[in-house]
Amino acid sequence: MRRFLSCVVVLTLTAASLHAQGLRDKIAQLFIFADGKDPLFLGGTAGSDSATALHADHFVPAAVADNGTLILFIGTAISQNVATLPVSATSGGTTFRFEGGVPVATSGSPGSVFGERAQTLGRGRAFVGANVTHLHLQSLRGVPMDGIQMVFTHENVTGPACDSLVGASCAPYGVPTHENDVIDLHLALDIDMTVTSFFLSYGLLDRVDVGVVLPIVSTSLRGTSDAQIVPFGGTTAQHFFGGTPADPQLSTSRFVDGSASGIGDIAARVKVNLNRSERTSFSLLADVRFPTGSEDDLLGSGHLAARGLGVLSARFGAFAPHANVGYLYRSGSSQNSAVLATVGFDHLMAPWATMAVDLVSELQVGDSKLRLPGPVTYDKPFRRTIDVTNIPNQRDDLINGSFGFKFTTRAGITLVANALWPLNRGGLRPNVLWTGGLEYNF
């Protein structure tokens, strides 16, 4: 029993340690320049003489809220990316309806990759598969991930003590003069993600399909930060990472790396066909993504998301266009819901080869909840304004083009190859998102 309890304690402490070293925590470490201290705490200044020791925490988020907002933006923008990854369509292969107990095919191709079609599988039929999606995140709102610039500003110190020390009112921003000191930071992030999704759809009724998607996410992170304190003037430094006021260390850098793997956000889906004819079909689709993936390790969004779509499909011989319009609800306080719209087609080029093309869009609802601080204006010794980052304050609309092929083998297994690339600059994006997979309909 004692040995068992010891093992439990060790495992608990190990789990707690691993949790503390989550990938989001590692991103936060890029802003920590003194061991065991808050982000932007100046350890060198804290260890100096009493005349300057008061300046160690003038940049920390508790003193300057906008500095904290800027740091939080980076970690949140990256973790939310997991929630925007598309999942495979609910049905593939040949779909059927039953007439007098006899199955009649309702599709001529194995369907598209990400765009939904209205046809259901048919009662008792199943669609199973797995795909692997790989992406290397390369830009955030159009800014390269290895070229993010940030400027952290000084607290506006006010009060009678400051007034007495300076001999003037400290209310204007820039009084005393060292309030004009800033920390310039260059951030470079290298993030790779691989998502292996296993999916199953089943024809519960002739017009009703149910399904589930189980994603396994693997994320790797490498990051560097190069920080430089820029004094505004004077013969000695008031803010520094190390050294002395007369011989200060004004620059430093941090490096982190890590990886994590595990279950992502599991999705449950249902599709109901409301109308079908020889050429057209209309269905409603609903799915829910549960927050089963670790947000701390960038494996899941951390919040529930629900999607509803109206799906219209048509068929003109080998050419099958489709349109999806709907709404995506996200429950996270920093996540926006979105209007969804996808248009595209799949074309049966040969009995064994299908081409699939889609325009996939996700349009943000309302003003962005993921806020960036605005420019900072100094009053003294002269009025000036600085931008605190090169990341633009804009909407995170996502518009992507998708182009792929499906190849049907003699064994009935369908091979999938697809590329999805961004057509605008919103959000956190790769240059291209590659998907390969296998599907089987029976």
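The residues listed here are LEU204, LEU189; of these, the one that is in a strand (DSSP E or B), at pLDDT 95 or above, touching a helix residue (DSSP H, G or I) at 6+ places or on another chain (Cβ under 8 Å) and not charged (D, E, K, R) is LEU189. Is it true that some residue in the range 156-179 is surrounded by 18 or more Cβ atoms within 10 Å (Cβ to Cβ), part of a helix (DSSP H, G or I) and modelled with pLDDT under 95? Checking the range 156-179: at least one residue is surrounded by 18 or more Cβ atoms within 10 Å (Cβ to Cβ), part of a helix (DSSP H, G or I) and modelled with pLDDT under 95. Can you tell me which of (1) at pLDDT 90 or above; (2) closer than 30 Å to ARG276 by Cβ; (3) in a loop (DSSP other than H, G, I, E, B); (4) out of contact with any Leu (no Cβ under 7 Å at 6 or more places or on another chain) is the one GLU116 doesn't meet? The failed condition is (4).
Somewhere in the range 413-430, is a residue in contact (Cβ under 8 Å) with a residue 60 or more places away in the chain, surrounded by 14 or more Cβ atoms within 10 Å (Cβ to Cβ), over 30 Å from ILE183 (Cβ atoms) and touching a Pro at 6+ places or on another chain (Cβ under 6 Å)? Yes, some residue in the range 413-430 is in contact (Cβ under 8 Å) with a residue 60 or more places away in the chain, surrounded by 14 or more Cβ atoms within 10 Å (Cβ to Cβ), over 30 Å from ILE183 (Cβ atoms) and touching a Pro at 6+ places or on another chain (Cβ under 6 Å).
This table checks each residue for (1) in contact with a strand residue (DSSP E or B) (Cβ under 6 Å, 6 or more places away or on another chain); (2) farther than 30 Å from LYS406 by Cα; (3) not charged (D, E, K, R).
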residue: VAL288; (1), (2), (3): yes, no, yes
residue: ASP297; (1), (2), (3): yes, yes, no
residue: ALA314; (1), (2), (3): yes, no, yes
residue: SER333; (1), (2), (3): no, yes, yes
residue: THR342; (1), (2), (3): yes, no, yes
residue: SER368; (1), (2), (3): no, yes, yes
residue: LEU372; (1), (2), (3): no, yes, yes
residue: THR377; (1), (2), (3): yes, yes, yes
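All of ASP379, ASP346 fail the test of being of a type in the set (Asp, Glu) and farther than 30 Å from ASP181 by Cα, apart from ASP346. The single residue among LYS26, LYS37 that is part of a helix (DSSP H, G or I), at pLDDT 70 or above, among the charged types (D, E, K, R) and open to solvent by 20 Å² or more (accessible area, probe 1.4 Å) turns out to be LYS26. Specify the residue that is nearest to ALA34 (Cα to Cα); the eligible residues are those in the range 216-263 that are free of Cβ contacts under 8 Å to residues at least 40 places away in the same chain, part of a loop (DSSP other than H, G, I, E, B) and open to solvent by 70 Å² or more (accessible area, probe 1.4 Å). Among them, the one singled out is ASP247. Would you pick out the residues in the range 284-318 that are of a type in the set (S, T, N, Q) and under 27 Å from SER218 (Cα atoms)? THR292, SER294, SER301 - these are the residues of the range 284-318 that are of a type in the set (S, T, N, Q) and under 27 Å from SER218 (Cα atoms).
When the strands (runs of 3 or more DSSP E) confined to the range 327-437 are screened for residues that are not β-branched (Val, Ile, Thr), those reaching at least 3 such residues are found at 338-350, 353-364, 398-408, 413-422.
You will find that of SER253, SER277, the residue that is closer than 28 Å to ALA353 by Cα, polar (S, T, N, Q) and more than 23 Å from the chain's Cα centre (by Cα) is SER277 and no other.
The values are calculated or read from the model by the stated rules, or taken from the named source; none is laboratory data. Since we're looking at a predicted model, the values are computed, not measured. When we count neighbours, we look across all protein chains shown, and the Cβ atoms used for this are built from the backbone with ideal geometry, even at glycine. What goes into the accessible areas is simple: the full protein's heavy atoms, side chains included, and nothing from ligands, DNA or RNA. Shrake-Rupley method; radii C 1.70, N 1.55, O 1.52, S 1.80 Å.
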